[in-house]
Amino acid sequence: MSNLDPVTGTFSGNRGLQIEEPLIFEQGQEGRTGVDLPAPPKGADRLGGMARKGAVGLPGLSEPQVVRHYTRLSQKNYAIDSGLYPLGSCTMKHNPRLNEKMVRLPGLADLHPLQPLSTVQGALALIDQVAHWLKTLTGMPAVAMSPGAGAHGELCGIMAIRAALEHRGETRKRILVPESAHGTNPATAAACGYEVDAIPANAKGRVDLEAFRAKLGPDVAGIMITNPNTCGLFEPDIVEIAEAIHGVGGYFYCDGANFNAIVGRVRPGDLGIDCMHINLHKTFSTPHGGGGPGAGPVVLSEALAPFAPLPYVVHGKDGFDLVEHDEKGRAFGRLKGFHGQMGMFVRALAYMMSHGSDGLRQVAEDAVLNANYILASLKDVMSPAFDGTCMHEALFDDAFLKDTDVTTLDFAKALIDEGYHPMTMYFPLVVHGALLVEPTETESKDSLDLFVTVMRGLAARAKAGEAQHFHDAPKLTPRRRLDETAAARSPVLRWKPTVETKQAAE
Ligand SMILES: *Cc1c(COP(=O)(O)O)cnc(C)c1O
């Protein structure tokens, strides 16, 4: 059968109800349309001769074609709504539908950032409420609400530190960053013009205190530490680190991406931090989405608060007011056009209020419990990177794959065939062939048990010499294993036209 698709073995290229989906541009045909538009009115050229003269090449499709196209694409997307998403450091927890219901209330959904202040008092009160809870939960006196994600929050924090140093008349050169840090930490420090000085991790996966002390000096602007860190471990020397960095006049940036593990249990302000971003999409269950629109508010100490970006909400004489200008000229500027992502604030507040303080504490407890359940259920067949219990994520190295001819990457690909998004791999860099699993608190015991069964099965398969199974994976996905190097070096961004679309084009 020469017309069988070589990969799927079907005539259509479809696999069961997984339907092969060409690009929309290859499906389009001239003259086809889903809507009837009236001819444009004849009138004077108001574009100074710049008006379009020819077709722009938009694909022509009927309405059912468009509906099918996007529905099929949506079905190819693995999401937290489709299954367990063990991606470590990303906190892929369930997004409660109550949040979505609240954010669609017309009074909130139809807001416009340019409305007069008197008509948006409720919205400002809502921003103020979220700010209040973020300050209370972190034990910090101030918060900048506008940053659009965790990484944007880091930029905000380091710019505030730089502004504070400049205000003191100092330019400092170095920012200390542990080797286990998320890539956004050194990237932020470098983007702000600082030299990144890496602190090694000790054998227990924590900051090496001796090495840290040896790096201190008057040219150190600050330190960026994630706590719990990206090895899923709490940094026990955090108070000493804070005192030492303050001792040399530097600031303490805490990466709060893993706040999910300690919310309601630890107030980072009590540990001596100066600023910390909070990923509302991680701890407070707002959707992760292709880099945005998100929210990464940054809590600030008394020392850094005056340098926070504009605008911010304040309690005025007759209700809420916005500070749009800083008379003293200390605010470092703006990070966004308006106040940040209103929709995320609504969702985060719905989450906070529906959980209450006891519920938020339980979030942290259950997140840690679930991760330890995974760790305990897998430690005899996989190789935990560190001894003892973990915080919110379980970290394994690739020692259990030794002599199997299966790599961490192969293992992750086989997990895809089992219907799971792979865990985070090869990160943190301090652990060889790392596999970092963060189940979050929203997975049930049944769901964790199935995941454990699959992981144990794959580990047994690797040890039984079935390397080929892993090298061939994934076999059941719309696309097979990519040549990742070639895909990065010479990406092919166009679908090969089928005979049909070619004929249609001719
Ligand atoms: C997710 C994460 C970030 C970056 O946050 P984004 O919201 O994705 O920009 C920074 N640090 C750590 C430890 C993270 O897990």
* To do: For the range 138-159, enumerate the residues that are more than 13 Å from the ligand (Cβ to nearest atom) and closer than 17 Å to Gly272 by Cβ.
  => Thr138, Gly139, Met140, Pro141, Ala142
* Asked: From the set of residues in the range 119-135 that are without any contact (Cβ under 8 Å) to a residue 24 or more places away in the chain and open to solvent by 60 Å² or more (accessible area, probe 1.4 Å), which is farthest from Phe320 (Cα to Cα)?
  -> His132
* For Val196, all conditions in the list (1) closer than 30 Å to Met352 by Cα; (2) part of a strand (DSSP E or B) hold save one; what is the number of the exception? -> (1)
* If you scan the range 227-260, which residues turn out to be among the β-branched types (Val, Ile, Thr) and open to solvent by less than 10 Å² (accessible area, probe 1.4 Å)? -> Thr230, Ile238, Ile241, Ile245
* **Residues within the range 265-287 that are touching a residue at least 60 places away in the same chain (Cβ under 8 Å), open to solvent by less than 30 Å² (accessible area, probe 1.4 Å) and either away from the ligand (no atom under 13 Å from the Cβ) or part of a loop (DSSP other than H, G, I, E, B) (or both), tallied** => 14
* When you go through Ala189, Ala164 one by one, which is the residue that is in a helix (DSSP H, G or I) and within 14 Å of the ligand (Cβ to nearest atom)? -> Ala189
* Which of the residues that make up the range 5-24 are open to solvent by less than 60 Å² (accessible area, probe 1.4 Å) and either in the same structural domain as Asp472 (by TED's automatic domain parsing) or part of a loop (DSSP other than H, G, I, E, B) (or both)? -> Asp5, Thr8, Gly9, Thr10, Gly13, Asn14, Ile19, Glu20, Glu21, Pro22
* In the range 413-437, how many are farther than 17 Å from Gly205 by Cα and either free of Cβ contacts under 8 Å to residues at least 40 places away in the same chain or assigned to a loop (DSSP other than H, G, I, E, B) (or both)? -> 6
* Please specify each residue of the range 338-353 satisfying the condition of being open to solvent by 20 Å² or more (accessible area, probe 1.4 Å) and farther than 11 Å from Pro147 by Cα. => Met342, Gly343, Arg347, Met353
* **Test: residue in the range 115-125 that is among the hydrophobic types (A, V, I, L, M, F, W, C) and either at pLDDT below 95 or within 15 Å of the ligand (Cβ to nearest atom) (or both)** => yes
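The values are calculated or read from the model by the stated rules, or taken from the named source; none is laboratory data. Everything quoted here is computed from the prediction, not taken from an experiment. With ideal geometry, Cβ positions are generated from the backbone for all residues, glycine too; neighbour counts draw on all protein chains shown. Ligands, DNA and RNA are stripped out before the accessible areas are found, and what is left, the full protein with its side chains, is counted by its heavy atoms. Shrake-Rupley method; radii C 1.70, N 1.55, O 1.52, S 1.80 Å.
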